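Read the figures in this text as sums done on the coordinates, not as results from a lab. The structure presented is a predicted model; accordingly, all values stated were derived computationally and were not measured. Cβ: placed from backbone, ideal geometry, glycine included. Neighbour counts: every protein chain shown.
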Amino acid sequence: MYTIQPATIANDLHVKLVSALVSSSHYLSTSSGAFVRFSDELDTLGKVDAVSRSLLLVLLYTMAGDRERCEYYLDNAQRLHADKDHVELARLTMLLNLGYFSEAIPFISMLRPPQFGLPTLLMLKPPCNGAFHTLTSLFDQAAKMNLLNGPTEPVSLRPATAIMDEWGDTDEDYAAALDIAGAIMREHRLVFVDDIQVETVLQPADGSPSYVKLCYQVDVDLDTSIELTLEYADRLAQSGKKIPPSLVFEFEGARH
């Protein structure tokens, strides 16, 4: 689960919401007790802070897999003159978690330091939409401003970017392919159950080309994860989109 929210918005309720939902394995039903309780709390918050209510409802409806309602509350926050950066962070949270990875790239690009600090960048490691070049650029900017303390950069970031460059693959190429994985997750009402796993394989021992392997962990068994991976490969082949030669993708079943 990717939760990218400004720390200044209704902190306590935001923390409660994230801690309750971050362990979700599927979209949250709007009729569930948890959803109703949080909705009631947000209604109470709205009496004193309508902007925060709208932005936190974006997160709640993201977890319900309802983009239409998310867009409604994003528009509502804008009508209430919410801080533009806060609105776009909420939008980015929605896009990444609902698997609209190509649409998310411009909003990752806006996370420029020092306006957005290191904690926000670290929430994106590794980038589930394959935006390795974009994130590398943001870390470079943070380094030039002496905002990095210690080895905070994701270890896979620069090797992945180098492999992509070797093949001529862009962030947009990766995101377009991974949009198919996002669509599959939406259809099965699946969410990320752990950080994205990234393996960068430089000059394999068997002499085959270097590649980047991305793995989405989802709450299915092994057989289902294999089926979903094959479905991804089949849809990508039939989509007419570029198949990034440096990208290897699979779903991994987190159910044991």
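General observations
- Relative to the dominant Cα principal axis of the chain, helix 157-167 is inclined by about 50°.
- The chain: calculated mean residue ellipticity at 222 nm from DSSP helix runs of at least 4, using -39500 (n - 2.57): -17000 deg cm²/dmol
- Principal-axis analysis of the Cα atoms of the chain puts helix 33-46 at an angle of about 60° to the longest axis.
- Cα long-axis angle, helix 222-239 against the chain (0 to 90 degrees, to the nearest 10): 80
- Listed values for the stretch 11-19 are Karplus-derived 3J(HN,Hα) couplings in whole Hz (6.51 cos²θ - 1.76 cosθ + 1.60, θ = phi - 60°), namely 3, 4, 5, 4, 4, 4, 5, 5, 5, and x replaces Gly and Pro.
- Separation in nanometres of the label points that stand 7 Å from Cα toward Cβ, at Ser19 and Arg79: 3.4
- Look at the dipole of the chain built from charges on Cβ: of Gln238, Asn76, Ala142, the Cα furthest out on the positive end belongs to Asn76.
- Label point distance in nm, Ser137-Ser31, each placed 7 Å from Cα along Cα→Cβ: 4.6
- Using 0.36 nm per residue and subtracting the Cα-Cα separation, the extra length available between Gln238 and Ser208 on full extension is 8.3 nm.
- Charge dipole (Cα centre; +1 on Lys/Arg Cβ, -1 on Asp/Glu Cβ; no other charges) of the chain amounts to roughly 700 debye.
- Simple spin-label estimate for Glu166 and Val48 gives 5.6 nm between the two label positions (7 Å along the Cα-to-Cβ direction from each Cα).
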